[in-house]
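Q: Attaching a single structure in structure tokens format; questions to follow.
The values are calculated or read from the model by the stated rules, or taken from the named source; none is laboratory data. Since we're looking at a predicted model, the values are computed, not measured. Cβ placement follows ideal geometry from the backbone for every residue including glycine, while neighbour counts extend to all protein chains displayed.
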Ligand code: BMA
């Protein structure tokens, strides 16, 4: 018979396990879901994202739930198998069918398949019940059974380490404690006599000139009694056109696989955006028996090579990505699950996030280890739009236990997910965990790098080394050979995780740690900065969503503090504000000021590290903490829960432009010299290019008084600069500002022309901003309407100023896109912002700038 499947997405009811009353069962709108979403739908729970409602939702975390579904007998031909397939159960699930236990599961990250043929011999209707035990209690119970383990780490209740459930559900320093339970991914009924269980287009080789590739299509077949009669045919297509096919291949009875090899000459390569096209080939397999097609499956994949280059150099040992032979500076972001209620994330929302990254010039996204192995749709969009994925395994900020059952569960989880993800060209690295080696260091757990005997690791108080340096390494080597594996983030050859000479690094000495001035961020980086961040308030409309009372709309209100889960956030926000800007008490200004600080922090980090790329790949990439939020909150995100960009999104975008200019004076630490001004400052001007060809450009550097807007000395012009491809070109090093001769505070304004067009700007400011007089800037924003080449109505904002303007930020509106924002404006340099999606009748966008 031909393969048949039916999603069991409707017709479910659920109840609290303890509530046995006759009216306890409530309808479930649709599966996948969580108990929280279903309670909200039944008016039993208020939206936990508003006000203090998170607290009112805590009782849900302490409950167990039963989900129930009745289905009619499907048509079952004589030789057929019937299976129930669960793509994800959150988390301690015990499943019965007609009262018989068919599955017991305790790992949210796994999919399960249960053969129910024998049970379905009895006539229907059949009753499927899934009981979800309270994960919070179960975690504590397991923890208490293992008193010898050292339950240490950061964020959330450490009992979480005992359970294979998204770790951020226990609360994080940006997320609420929402312990979901439920059928969080699809469940379906399958009836078949044979099926393709897995299809893997494995790129077995790519020649060094990328002119030839071989792809082996490997399929796993599940055909119980009829395996011998089965044959398979493969079809390889590109944009719907068949390139090749192979028919009539018999299935290997020993391992139940079938495979075919395809040779491609001059393959169209898959590239990250900005470097080439995102070509996706498609392979499909059809499974036949006695002239009938029984099942068909297809997958899209890309042809590309991906390497992490770690070679000794003058800075230590490099750490950067080379895709199709091209070195790529990976500027981008870390990603957390984009909702605490995971099933509420639609495909469209995933797409919007990744589109935003691409529009922001970001190359890489890091799926962080305290969340989930993302939905297929997430990786599909990354493939389509050309965003590289750094994939952590799901371990974060803790000392994980590894008793035998746990080890087995982790191995199965890793195999399941690597097999699910391995065809995605976007995934270029797998990483063992997030910050678990930092926990090992801070808690002084045993780690002797030179001891290479895994059995010994299990006997130490840091047994999780066995997970990162054995289990996961083996799983990646076997199931996705050729994808680079790195034991942890951060990690570098067993050296201390803060070692800047090797591996990747989380640089938290701005904000956390020693709370350095962000102006020196560039000097604090390592070989690849996979985390660093600065908090900022979200957009006002996002705050309005969760702050219900007008009286609470002030910066330090109780509810605003409640929506900021970071330890010591009041002090740290205040520190960076008082050091740099004149602080404010009205909410709108305060929001803006925190956003300016975040934007500046990101600018200092990204521009500096990108410059270092040109110096023997000193810095291979920078992934800011964090792109997104899982609820409306105050966090390090540069785009808030509702996809509203904060100003930092735009400063990062400018720093990552394919050709960017940088101008920076040396840091003068005003606070340690009691605010004495410097007598002189050195400064540098450089160009960063990720283009593959040599460009020629012209640079102009102006010295403009912040007070008067006058040029203090004549501009410097650098003609006919040869811009190095994929690197950094120093235009001027050790320029000198003599503050005695020119005491007026002034900006250094640099512009770069390539082929007659201004392609990049950068402006360096005297620090800190709080000493500057920003009165009367003479700013003009003139709107004009035009129709774009694609027929879209756009508004053009023409912006000019008589005196330097710092961080001009336009209001964000939903479905309105801005080409730029968070800009600095200087006299004599009109700038243009393109606004798309704003209809003519709407009010003009509001804006503000520093000192307004
Ligand atoms: C990092 C992350 C997260 C955390 C963030 C901010 O180290 O890995 O655990 O949310 O810092 O503190």
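Q: Could you grab me the full set of residues in the range 246-269 that are touching a strand residue (DSSP E or B) at 6+ places or on another chain (Cβ under 9 Å), surrounded by fewer than 15 Cβ atoms within 10 Å (Cβ to Cβ) and over 18 Å from residue 200 (Cβ atoms)?
A: Matches in the range 246-269: 247, 248, 250, 265, 266.
Q: For the list (1) touching a helix residue (DSSP H, G or I) at 6+ places or on another chain (Cβ under 8 Å); (2) closer than 18 Å to residue 105 by Cα; (3) not in a loop (DSSP other than H, G, I, E, B), I need the number of the one condition that residue 83 fails.
A: Tallying (1) touching a helix residue (DSSP H, G or I) at 6+ places or on another chain (Cβ under 8 Å); (2) closer than 18 Å to residue 105 by Cα; (3) not in a loop (DSSP other than H, G, I, E, B), residue 83 fails exactly one: (1).
Q: If we scan the range 93-113, do we find a residue that is in contact with a strand residue (DSSP E or B) (Cβ under 7 Å, 6 or more places away or on another chain), assigned to a loop (DSSP other than H, G, I, E, B), at pLDDT 95 or above and on the phi > 0 side of the Ramachandran plot?
A: Within the range 93-113 (the criterion being in contact with a strand residue (DSSP E or B) (Cβ under 7 Å, 6 or more places away or on another chain), assigned to a loop (DSSP other than H, G, I, E, B), at pLDDT 95 or above and on the phi > 0 side of the Ramachandran plot), the answer is yes, since at least one residue qualifies.
Q: Quick test for you: out of 621, 608, 614, pick the one residue that is away from the ligand (no atom under 16 Å from the Cβ) and in contact with a helix residue (DSSP H, G or I) (Cβ under 7 Å, 6 or more places away or on another chain).
A: On inspection, the qualifying residue turns out to be 608.
Q: What about residue 633, is it assigned by TED's automatic domain parsing to the domain that holds residue 543, over 19 Å from residue 517 (Cα atoms) and at pLDDT below 95?
A: In short, no.
Q: So which residues in the range 249-266 are in contact with a helix residue (DSSP H, G or I) (Cβ under 7 Å, 6 or more places away or on another chain) and either farther than 16 Å from residue 229 by Cβ or at pLDDT 95 or above (or both), if there are any at all?
A: 251, 256
Q: Sticking with this one: Would you mind stating whether residue 57 is more than 30 Å from residue 77 (Cβ to Cβ), in contact (Cβ under 8 Å) with a residue 40 or more places away in the chain, surrounded by 16 or more Cβ atoms within 10 Å (Cβ to Cβ) and touching a strand residue (DSSP E or B) at 6+ places or on another chain (Cβ under 8 Å)?
A: So residue 57 fails the test.
Q: Which residues, taken from the range 727-747, are within 15 Å of residue 689 (Cβ to Cβ) and crowded, with 18+ Cβ neighbours inside 10 Å?
A: 727, 728, 729, 731
Q: Same structure again: Of the residues 48, 74, which is outside the structural domain of residue 344 (by TED's automatic domain parsing) and within 30 Å of residue 114 (Cα to Cα)?
A: Step by step, each of 48, 74 is checked, and only 74 is outside the structural domain of residue 344 (by TED's automatic domain parsing) and within 30 Å of residue 114 (Cα to Cα).
Q: Continuing with the same structure: List the number of the failed condition for residue 748; all other conditions in (1) at negative phi; (2) in a loop (DSSP other than H, G, I, E, B) hold.
A: For residue 748, the exception is condition (2).
Q: Okay, moving on. Can you run down the residue pairs with Cβ atoms below 8 Å, 6 or more apart or on separate chains, where the first is in the range 550-567 and closer than 18 Å to residue 512 by Cα and touching a residue at least 24 places away in the same chain (Cβ under 8 Å) and the partner is in a helix (DSSP H, G or I) and within 16 Å of the ligand (Cβ to nearest atom)?
A: 566/572
Q: What number of residues in the range 453-476 are surrounded by fewer than 20 Cβ atoms within 10 Å (Cβ to Cβ), farther than 14 Å from residue 411 by Cα and in contact with a helix residue (DSSP H, G or I) (Cβ under 8 Å, 6 or more places away or on another chain)?
A: Of the residues in that region, 2 qualify.
Q: Taking residue 439, is it modelled with pLDDT of 95 or more, within 30 Å of residue 658 (Cβ to Cβ), within 16 Å of the ligand (Cβ to nearest atom) and more than 13 Å from the chain's Cα centre (by Cα)?
A: When the stated conditions are applied, residue 439 does not pass them.
Results for (1) more than 16 Å from the ligand (Cβ to nearest atom); (2) out of contact with any strand residue (DSSP E or B) (no Cβ under 8 Å at 6 or more places or on another chain), shown as yes or no for each residue.
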site	(1), (2)
316	yes, yes
319	yes, no
329	yes, no
333	no, no
341	yes, yes
345	yes, yes
356	yes, no
365	no, no
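Q: Can we say residue 826 is closer than 27 Å to residue 750 by Cβ, loosely packed, with under 15 Cβ neighbours inside 10 Å and not assigned by TED's automatic domain parsing to the domain that holds residue 645?
A: No.
Q: Just give me the residues in the range 496-512 being under 22 Å from residue 445 (Cβ atoms), in contact with a strand residue (DSSP E or B) (Cβ under 8 Å, 6 or more places away or on another chain) and within 16 Å of the ligand (Cβ to nearest atom), in sequence order.
A: Within the range 496-512, 497, 498, 503, 504, 505, 506, 508 meet the criteria.
Q: Follow-up. Do you know which of the residues in the range 374-427 that are assigned to a strand (DSSP E or B) and over 14 Å from the mean Cα position of the chain (by Cα) is farthest from the ligand (Cβ to nearest atom)?
A: Looking at the filtered set, the residue picked out is 398.
Q: Right, something else. Restricting to the range 482-498, name every residue that is without any contact (Cβ under 8 Å) to a residue 60 or more places away in the chain and over 14 Å from residue 429 (Cβ atoms).
A: 494, 495, 496, 498
Q: Also: Give the number of residues within the range 28-43 that are within 17 Å of residue 60 (Cα to Cα) and either in contact (Cβ under 8 Å) with a residue 24 or more places away in the chain or touching a helix residue (DSSP H, G or I) at 6+ places or on another chain (Cβ under 9 Å) (or both).
A: Within the range 28-43, residues that are within 17 Å of residue 60 (Cα to Cα) and either in contact (Cβ under 8 Å) with a residue 24 or more places away in the chain or touching a helix residue (DSSP H, G or I) at 6+ places or on another chain (Cβ under 9 Å) (or both) number 8.
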